[in-house]
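Heads up, the thing below is written out as structure tokens.
The values are calculated or read from the model by the stated rules, or taken from the named source; none is laboratory data. Only a predicted model underlies this, so the values are computations on that prediction, with no experimental measurement involved. As a convention, Cβ positions derive from the backbone with ideal geometry for all residues, glycine included, and neighbour counts pool all protein chains shown. Note: areas computed on protein heavy atoms with side chains; ligands, DNA, RNA excluded. Shrake-Rupley method; radii C 1.70, N 1.55, O 1.52, S 1.80 Å.
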Amino acid sequence: MTATTAESSPAATGGGHPQRWLILGVICLAQLTVLLDNTVLNVAIPSLTRELDASTSDIQWMINAYSLVQSGLLLTAGSAADRYGRKKMLAAGLVLFGAGSLVAGMAGSTGQLIAARAGMGVGGALLMTTTLAVVVQIFDDTERVRAIGLWATVNSLGFAAGPLIGGAMLDHFWWGAIFLVNIPVAVIGLIAVIALVPESKNPLGDRPDLLGALLSTIGMTGVVYAIISGPQHGWTSAHVGVSALVGAAVLAAFVVWELRIPYPMLDMHFFRNQRFTGAVAGAILVAFGMGGSLFLLTQHLQFVLGYGPLEAGLRTAPLALTVVVLNLTGVGARLLPKLGTPVTIASGMTCLAAGLAAIALLGGDGYGGMLFGLVVMGAGIAFAMPAMANAIMGAIPPEKAGVGAGVNGTLAEFGNGLGVAVLGAVLNSRFAALVSVSAASLPAALAAAGSGAERRRIADAFASGLETSQLVGAVAVLVGGLLAAALLRRAERADSRVKASA
């Protein structure tokens, strides 16, 4: 079955696509592969340092090239999917992602691997925007919340399971295997997309907003690069300041341009909708807490508690398992209509903040407190993420589903980068204040330590920094969750008044 416009898609005509659940499984598999690559390299850092003779800056670029390119292109990719066809862009994303994975797996130098990761980011941007847009198109209103809940489960699973899958692969194979495993998934996904996914596009057929695409890509890349590189170069350095200023200036130009043209890539009037704005604020902070926490925990488990890559990955798995169990059993989908969007999001964000605080206060000396915190965090994510994704997509017209998915994906990447940067900076500041060493990282400081007592003191300082950073994250998530809920509540009351007056 094929649909050429949003109006003729199955979801729009009442009743979902007959193969909608099979299609959901296919696109979730593609989405999972893309998201795994956000975190899978975290456990491969020692292997890459040893086998490719990679420096600290090389490792930084290997990790960041993927997220920088992906976040910079998400809005552009979403707009292209709306205009030219979501099925076409989904297939193109799978081809680019698979090709990039092949080059990455066979890379013989750090430069080749960085370039391959950037290519994978282009494919990842196309996949992240089109998967959610297709979900909105093929499910009707009665099933869409549950479908988005399953899609959000895969999002959480991708971020949380990266260290686990990466650790398992590194336990048996060389580092390139973590990329080559993507290729059969991309091939299977491509065949299934061609055979099953219906085509849909914006029926208005507006011409491409090329200048808007260029401005959004440059602006997002500049801002995200400044956020990611802040802890390494210093927040007050010219390196970070120039990148941030250029990014902010170009994004301001993007906003002005989008407000002036009749065919905007991103309609700025969406932000007048308090439902949309509240969900946006919540989405950023969920990614902030989850991304920053996992980035720090992976290091804590390996460098402080002494676990290997696979053992560390296994110990982060309860977060993902909790999200999967709660969403597969439909707990979040059942809570949303009973509690309403504002209360569901506020409850989820409160649980996420409580989990971060539990890890900070109970997880410093062992794994028991950390396990409790990860489970509570997982419950919060399972409640909040589907409700926020549904609120964002529900505030955007169906013909703009790709742009809406691009906004959602951009927020996740932005929040993840912000969490890594801010919580990492808090940790580094606390660590530097407690340990007077010239080394810029925990592994370097431990290597330079002259005695067992000195290594223990360094590990304790890192644990103290971890505690402080997690508490900062907990406060930010809690305040943001309450703000998002308040905005959503105001939007619902305004909608009720409009309906009553009509």
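Details
- Packing-based ranking, highest mean first, of 133-143, 451-461 given that Cβ atoms within 10 Å are counted: 133-143, 451-461
- Built from the Cα atoms of the chain, the convex hull projects on average onto 22.3 nm², one quarter of its surface area.
- In segment 17-199, the portion of solvent-accessible area held by carbon and sulfur atoms comes to 70 percent [1.4 Å probe, whole percent, DNA, RNA and ligands not counted].
- Of 292, 461, 394, farthest towards positive along the dipole that unit charges on Lys, Arg, Asp, Glu beta carbons give the chain: 394
- Kirkwood radius and radius of gyration were both taken over the C-alpha atoms of segment 269-496, and their ratio Rg/Rh is 1.04.
- Carbon + sulfur, % of accessible area of segment 269-496 - ligands and nucleic acids excluded, 1.4 Å: 64
- Computed from the C-beta positions of residue 433 and residue 49, the FRET efficiency with R₀ = 35 Å rounds to 0.85.
- For the chain, the membrane-span-like helices by this rule, meaning whole DSSP H stretches whose C-alpha atoms cover at least 24 Å of axis and whose Kyte-Doolittle mean is 1.0 or above, are 20-39, 86-105, 110-138, 210-233, 238-260, 274-299, 309-328, 341-362, 367-394, 401-434; this says nothing about an actual membrane.
- Highest average first, the peptides 485-491, 184-190, 256-262 ordered by how many other beta carbon atoms sit within 10 Å of their residues are 485-491, 184-190, 256-262.
- With both labels modelled 7 Å from their Cα along Cα-to-Cβ, the residue 248 to residue 236 distance reads 1.6 nm.
- Modelled this way, with points 7 Å down the Cα-to-C-beta line, the labels at residue 256 and residue 362 are 5.3 nm from one another.
- Computed over protein heavy atoms with a 1.4 Å probe, the accessible surface of the chain works out to 38 Å² per residue.
- For segment 210-264, with all protein chains in place and a probe radius of 1.4 Å, 78% of the accessible heavy-atom surface sits on carbon or sulfur.
- Estimated purely from DSSP H runs of n ≥ 4, each contributing -39500 (n - 2.57), the mean residue ellipticity at 222 nm for the chain is -28000 deg cm²/dmol once divided by its residues.
- Stretching residue 173 away from residue 187 to a fully extended chain increases their span by 2.9 nm, per 0.36 nm per residue minus the current alpha-carbon distance.
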